[in-house]
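Q: Sharing a structure here in structure tokens format.
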Amino acid sequence: MPTSRNVGGRPSPAAVSAIGLRKSYGDRTVLDGIDLHIPAGSVFALLGPNGAGKTTTVNILSTLIAADGGQAQVAGHDLAAAPQAVRAAIGVTGQFSAVDGLITGEENMLLMADLHHLSKREGRQVAAELLERFDLTQAAKKPASTYSGGMKRRLDIAMTLVGNPRIIFLDEPTTGLDPRSRHTMWQIIRELVSDGVTVFLTTQYLEEADELADRIAVLHNGRIAAHGTAEELKRLVPGGHVELRFTDPATYRDAVSALPGASSNDESLTLQVPSTGTQRDLRVLLDQLDTAGVEADGLTVHTPDLDDVFFALTGATHLPAQSKETAR
């Protein structure tokens with residue numbers, strides 16, 4: 001699975017690791033032996049179709065349900081042997097808001113402080129700081145039922161942070177939010193990671209994973225179908241190419257002769273050369289053009305996006321629910 005970042009020449013410790021996680025409900029196998037390795041201080045995104053097992057994975061790693069097989073460690077603690085230590089180190093924001101709409105935002109925060117056994121003084125201080133951080137101070141005295149969707153989601157995450165967790169599980173945190181609120185959430189996630197927090201993100205938005213995640217895994221039929229950085233995943237599927245544009249017909253014809261494997265368009269004077277988009281591929285192409293004495297007037301690298309990766313790996317014929325509006 002994803003390799004650790006290096007800090008001072010040494011690999012970063014894993015915030016979350018799992019080997020062979022399995023989970024079934026009756027005859028239905030949801031997780032069929034998945035492996036994970038998530039470095040501390042990074043964003044990991046788990047993608048997959050509805051019902052792929054994303055939420056089940058989060059529920060297992062956050063100790064809400066037990067796995068049927070396999071081993072896992074979270075924050076250095078064995079999931080089965082030390083679940084209480086795991087719970088003390090993590091925060092979880094589920095698909096459905098934990099906000100109580102009958103009480104105010106501030107009261108929701110103070111309730112969480114009580115659950116974490118903070119003193120009244122410390123609880124009020126932490127609540128005030130988090131409400132300010134999430135731009136909820138002016139609404140703090142209002143019933144949470146009056147909050148917009150984006151405000152409720154911000155309050156939800158603020159409540160998750162009361163216990164100062166170093167690992168946060170965000171299960172589809174931006175589902176149902178408008179684009180402005182979604183971008184606000186992205187900025188919050190980036191700030192958390194800049195503070196050293198590890199974020200385990202499940203999402204239905206492919207653009208979201210592309211924007212935020214250091215590493216991405218695609219879950220399909222209970223298994224990890226592929227994993228890597230967004231760029232690494234994009235290189236797994238065909239369709240990448242370099243487009244060369246010309247204004248001089250003679251130069252264009254010379255390029256066609258020099259690049260026999262390219263697709264040509266005589267009307268627009270463009271060539272499409274199959275390419276993975278890597279530096280090595282581009283260097284080879286440019287060397288070929290130099291050898292032929294050809295100089296293109298324009299060059300554009302086209303690589304498959306995560307939509308293409310998702311389709312190729314899961315066999316889906318459409319985007320996951322609610323992701324079309326943000327897909328590039």
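The values are calculated or read from the model by the stated rules, or taken from the named source; none is laboratory data. Given the structure is predicted, the values throughout are model-derived calculations rather than measurements. No Cβ is skipped: glycine too gets one built from the backbone with ideal geometry, and neighbour counts run over all protein chains shown.
Q: Are any residues in the range 31-60 surrounded by fewer than 22 Cβ atoms within 10 Å (Cβ to Cβ), on the phi < 0 side of the Ramachandran plot and in a strand (DSSP E or B), and if so, which ones?
A: Of everything in the range 31-60, those that are surrounded by fewer than 22 Cβ atoms within 10 Å (Cβ to Cβ), on the phi < 0 side of the Ramachandran plot and in a strand (DSSP E or B) turn out to be Asp32, Asp35, His37.
Q: If you check every pair at least six apart or on different chains, which have Cβ atoms under 6 Å apart with a residue in the range 286-312 that is in a strand (DSSP E or B) and loosely packed, with under 14 Cβ neighbours inside 10 Å first and a residue that is at pLDDT below 95 and acidic (Asp, Glu) second?
A: Within 6 Å, the pairs are Thr300/Glu243.
Q: Shifting gears a bit: Which residues, taken from the range 262-285, are in a loop (DSSP other than H, G, I, E, B) and more than 22 Å from Lys234 (Cα to Cα)?
A: Within the range 262-285, Asp266, Glu267, Ser268, Leu269 qualify.
Q: Which condition number in (1) touching a strand residue (DSSP E or B) at 6+ places or on another chain (Cβ under 8 Å); (2) not in a loop (DSSP other than H, G, I, E, B) is the one that Leu236 fails?
A: The failed condition is (2).
Q: Going residue by residue through the range 196-204, is there one that turns out to be farther than 18 Å from Leu61 by Cα, at pLDDT below 95 and surrounded by fewer than 20 Cβ atoms within 10 Å (Cβ to Cβ)?
A: yes
Q: Kindly indicate whether Ala140 is within 26 Å of the chain's Cα centre (by Cα), touching a residue at least 24 places away in the same chain (Cβ under 8 Å) and surrounded by 14 or more Cβ atoms within 10 Å (Cβ to Cβ).
A: No, not satisfied.
Q: Any idea which residue in the range 221-246 is farthest from Val294 (Cα to Cα), counting only those that are in contact with a helix residue (DSSP H, G or I) (Cβ under 8 Å, 6 or more places away or on another chain) and among the aliphatic types (A, V, I, L, M)?
A: Ala225
Q: Here is a further query. Identify all residues within the range 234-262 that are modelled with pLDDT of 90 or more and in contact with a His (Cβ under 8 Å, 6 or more places away or on another chain); write none if there are none.
A: Result: Val242, Glu243.
Q: Would you check if there is a residue in the range 103-114 being surrounded by fewer than 15 Cβ atoms within 10 Å (Cβ to Cβ) and at positive phi?
A: No, the range 103-114 has no match at all.
Q: Separate question: Inspect all residues belonging to the range 98-112 and state whether any of them is in contact with a Pro (Cβ under 7 Å, 6 or more places away or on another chain), farther than 30 Å from Ala312 by Cα and outside any loop (DSSP other than H, G, I, E, B).
A: yes
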